[in-house]
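Heads up: the structure comes next, in structure tokens.
The values are calculated or read from the model by the stated rules, or taken from the named source; none is laboratory data. These numbers were taken from a predicted model, which means no experiment stands behind them. Note: ideal-geometry Cβ built from the backbone for every residue, glycine included; neighbour counts use all protein chains shown.
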Amino acid sequence: MNETTLVLGIVLGATAFLVLRYLPAGLKARIGLKDGSACATKSGCGSKGCDGCH
Amino acid sequence: MNGPAAPEIALVGCPNSGKTSLFNALTGSRQKVANYAGVTVERKEGAFVTPAGRPIKILDLPGTYSLRGRSPDEIVTRDVVLGRLEGEEIPDAVVCVADATNLRLVLRLVLELKAVGRPMVLALNMMDIVARQGGRIDIERLSKELGVPVVETVAVKKGGTAALLAAIDELPLLEDPPTEHGWREPSAAEIRAAHAEAARILHDCAFHPGNEQFTRKLDRVLLHPVFGVVILLAVLFLMFQAVFTWATPAMDLIKAGIEAAGVAVGEVLPDGLLRSLIVDGVFAGVGAVLVFLPQIVILFFFIILLEDFGYMARAAFLMDRLMAGTGLHGRAFIPLLSSFACAIPGIMAARVIENRRDRIATILVAPLMTCSARLPVYTLIVAAFVPDRTVFGGFGLQGLVMFGLFAAGILSALAVAFVVKKIVWREAPEPFIMELPDYKMPAPANVGLGLWIRAGAFLRRAGTVILALMILIWFLSTFPAPPDGATGPAIDWSIAGRIGHFLAPLFEPIGFNWQIVVALIPGMAAREVAVGVLATVYALSATGDEVGQALQPILTAEWSLPTALSFLVWYVFAPQCLSTLAVVRRETESRLWPAIMFAYMFALAYAASFATYRIAGALLT
């Protein structure tokens with residue numbers, strides 16, 4: 001694989017990940033992704049009670 | 001009964017009684033999580049089958065100390081139990097979950113639930129801890145006194161729920177439960193009578209070895225109006241000293257490991273885009289954040305230890321007087337304390353505050369408490385600009401500055417709360433009642449598990465959000481490439497470089513250069529990313545001998561002391577986390593409050609940084 005293609009693929013993957021991560025929950029639900037409430041069971045920031053939204 | 005469907009049981013109990021662990025143990029993965037209609041209170045429903053083959057639906061209700069319902073969470077619990085929450089069926093039975101190590105708290109709730117008149121089981125959770133502490137509870141007598149079946153459970157252990165399942169099978173669930181109930185809002189005299197009745201039952205049915213006397217003796221010192229506050233300040237001061245001094249060897253080791261790995265990978269890969277992405281983006285950026293893992297672990301080690309020992313509730317008690325002076329409710333202490341980890345759980349924890357104005361005031365100031373994401377930024381700048389020497393007979397100057405930064409966060413939160421509650425919204429304060437748990441030795445396994453969870457969360461964050469952000473920052477700092485014959489660092493021609501140069505005039509009055517401006521933008525997604533961005537931007541800006549230098553000496557050489565101080569002050573006040581603003585929007589159900597929060601924090605940060613930069617500049621020239 002061409003080095004530039006590989007690097008651009010990695011960058012696009014990272015961008016897509018961030019867009020999905022920071023998309024508002026309402027918008028996510030509208031486009032058929034998770035409704036955001038599932039975050040309530042995670043502990044993304046390592047704190048008790050954190051809803052894992054970042 | 002809910003039509004032809006399975007009977008529904010409501011799980012009720014005080015906060016931290018192990019209710020959710022019991023819910024998880026009963027239902028496993030058969031859970032549905034949503035919100036109650038119209039409120040931001042989580043609704044958790046699950047299902048299980050009893051040993052007799054009876055299918056049961058179970059609702060995990062928010063924790064409450066009574067049915068009086070003072071906060072949105074507590075009101076939901078009360079209304080579900082009383083069958084008056086729209087869209088909810090009346091539960092066919094109630095399982096009341098009690099922390100057996102702190103029975104006094106739940107007995108009053110049990111007495112209230114009994115008045116409701118639904119079939120009920122009392123599950124005494126954490127009975128293993130009671131036994132380990134040498135305590136005893138006379139289950140039979142307790143059951144007779146309360147008039148309900150009482151079972152022992154250990155929700156965190158497999159098989160700890162067998163007795164509860166058997167008791168549920170015995171419950172007389174009615175085909176058509178009556179809608180009326182026998183509960184009404186108790187008067188002050190009735191509350192006092194319930195207190196006395198709970199104390200009597202506790203005295204007759206439970207025995208705890210000499211811990212209460214030990215607690216009372218220790219409280220005489222730790223809750224003393226003067227010595228108590230001095231001890232609290234000393235504990236916090238020692239905590240920040242330790243964060244700085246204990247972490248250094250581990251941080252040096254991680255730094256050396258990351259640098260060695262970066263050099264090794266750099267030698268293997270040929271010069272080109274992929275090498276630059278991995279060395280300048282991933283290793284320089286993510287590595288610069290990962291280095292702070294030991295400090296995060298040490299900070300949480302102290303927080304978990306103090307919480308498990310029972311000291312945090314005392315700290316809340318000591319702080320109440322100070323907070324009342326600023327107009328904050330005593331219940332705001334726990335949300336503000338949670339904000340030391342991250343403002344998001346702190347803002348969510350503000351749900352326990354019943355008065356909306358008190359709750360909004362707490363939410364508005366929560367992000368001013370120093371969250372753990374600020375720690376890498378503070379550490380980097382303090383280590384680069386504050387001399388590593390001792391003052392006042394042995395205290396580390398760097399730790400002292402760190403303590404000052406945390407104190408600045410607390411004081412500014414109290415000052416803003418004062419303005420909001422004493423000047424904008426003038427209201428008489430509401431009384432604050434809290435139960436202080438007995439002191440107990442922290443369980444090493446619990447402390448270890450807590451650290452494992454927090455370290456795991458930090459590493460997961462570094463491997464996901466921060467890694468993705470660093471890849472994006474590398475791309476924006478690398479493309480477009482400079483035209484042929486261009487001079488100076490290539491980053492000047494990149495998108496990030498152009499954005500930085502474009503916005504730099506706005507931040508020039510507070511001493512920020514364009515590299516700092518570039519770091520502030522992704523810092524909106526995660527504050528600590530600013531450290532990684534600075535590492536990447538300076539790595540890509542480097543020419544000749546500067547290439548490969550660690551970030552700290554670069555900053556010492558490139559930034560003036562007033563700029564460093566201004567940057568630190570910016571981080572104390574700035575609204576730098578989009579997730580926090582999103583949670584404020586969700587919790588307040590309004591766009592106004594996150595907008596107000598952003599505006600006041602930005603104005604405060606800019607004004608404070610401006611003053612710091614100018615005053616420091618004048619004093620140092």
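A few points about this structure:
- For region B:201-223, filtering for residues that are out of contact with any helix residue (DSSP H, G or I) (no Cβ under 8 Å at 6 or more places or on another chain), loosely packed, with under 14 Cβ neighbours inside 10 Å and modelled with pLDDT of 85 or more leaves 3.
- For region B:532-543, the count of residues that are aromatic (Phe, Trp, Tyr), within 10 Å of another protein chain (Cβ to nearest Cβ) and part of a helix (DSSP H, G or I) is zero.
- Subset of region B:552-572 (residues that are surrounded by 17 or more Cβ atoms within 10 Å (Cβ to Cβ) and either among the β-branched types (Val, Ile, Thr) or touching a Pro at 6+ places or on another chain (Cβ under 9 Å) (or both)): B:Ile554, B:Thr563, B:Val569, B:Val572
- Only a single criterion out of (1) among the hydroxyl-bearing types (Ser, Thr, Tyr); (2) assigned to a loop (DSSP other than H, G, I, E, B); (3) within 14 Å of chain A (Cβ to nearest Cβ) is not satisfied by B:Tyr439, namely (3).
- Search result, residues across region B:322-356 that are surrounded by 24 or more Cβ atoms within 10 Å (Cβ to Cβ) and β-branched (Val, Ile, Thr): B:Ile344, B:Ile347, B:Ile353
- The residue pairs whose first member lies in region B:605-616 and is more than 15 Å from B:Ala408 (Cα to Cα), whose second member is buried (at least 16 other Cβ atoms within 10 Å of the Cβ), and whose beta carbons are closer than 6 Å, counting only pairs six or more residues apart or on different chains, are B:Phe610/B:Ile510; B:Tyr613/B:Ile510; B:Tyr613/B:Gly511; B:Tyr613/B:Pro562; B:Tyr613/B:Ser566; B:Ala616/B:Pro562; B:Ala616/B:Leu565.
Results for (1) modelled with pLDDT of 85 or more; (2) within 28 Å of the chain's Cα centre (by Cα); (3) acidic (Asp, Glu), shown as yes or no for each residue.
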| position | (1), (2), (3) |
| --- | --- |
| B:Val39 | no, yes, no |
| B:Val49 | yes, no, no |
| B:Ile56 | yes, no, no |
| B:Asp60 | yes, yes, yes |
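- Qualifying residue in region B:376-391 (condition: under 14 Å from B:Gly330 (Cα atoms) and either surrounded by fewer than 18 Cβ atoms within 10 Å (Cβ to Cβ) or hydroxyl-bearing (Ser, Thr, Tyr) (or both)): no
- Selected residue [touching a helix residue (DSSP H, G or I) at 6+ places or on another chain (Cβ under 7 Å), β-branched (Val, Ile, Thr) and closer than 24 Å to B:Leu578 by Cα] from B:Val377, B:Val391: B:Val377
- Residue within region B:445-466 that is modelled with pLDDT under 85 and more than 14 Å from chain A (Cβ to nearest Cβ) present: yes
- Residue check, B:Val420 over 30 Å from B:Ile296 (Cα atoms) and within 24 Å of the chain's Cα centre (by Cα): yes
- The single condition among (1) touching a Gly at 6+ places or on another chain (Cβ under 8 Å); (2) within 14 Å of another protein chain (Cβ to nearest Cβ) that B:Leu476 does not satisfy is (1).
- Test for B:Thr370: is it in contact (Cβ under 8 Å) with a residue 60 or more places away in the chain, touching a Ser or Thr at 6+ places or on another chain (Cβ under 9 Å), outside the structural domain of B:Ala605 (by TED's automatic domain parsing) and within 18 Å of B:Ser412 (Cβ to Cβ): yes
- Just one of the listed residues (B:Arg591, B:Arg614, B:Arg586) is touching a Ser or Thr at 6+ places or on another chain (Cβ under 7 Å) and basic (Lys, Arg), and it is B:Arg586.
- Matching helices (runs of 4 or more DSSP H) fully within region B:284-401 where at least 3 residues are over 30 Å from B:Arg70 (Cα atoms): B:287-290, B:293-309, B:375-385
- Selection count, region B:114-138, where residues are of a type in the set (A, V, I, L, M) and in contact with a Leu (Cβ under 7 Å, 6 or more places away or on another chain): 6
- B:Leu364 being under 17 Å from the mean Cα position of the chain (by Cα), within 14 Å of another protein chain (Cβ to nearest Cβ) and either surrounded by 24 or more Cβ atoms within 10 Å (Cβ to Cβ) or hydrophobic (A, V, I, L, M, F, W, C) (or both): no
- Residues of region B:573-588 satisfying the condition of being part of a helix (DSSP H, G or I), in contact (Cβ under 8 Å) with a residue 12 or more places away in the chain and surrounded by fewer than 23 Cβ atoms within 10 Å (Cβ to Cβ): B:Leu578, B:Leu581, B:Ala582, B:Arg586, B:Glu587, B:Thr588
- Flag set for B:Pro72, criterion: out of contact with any Pro (no Cβ under 8 Å at 6 or more places or on another chain) and at pLDDT below 85.
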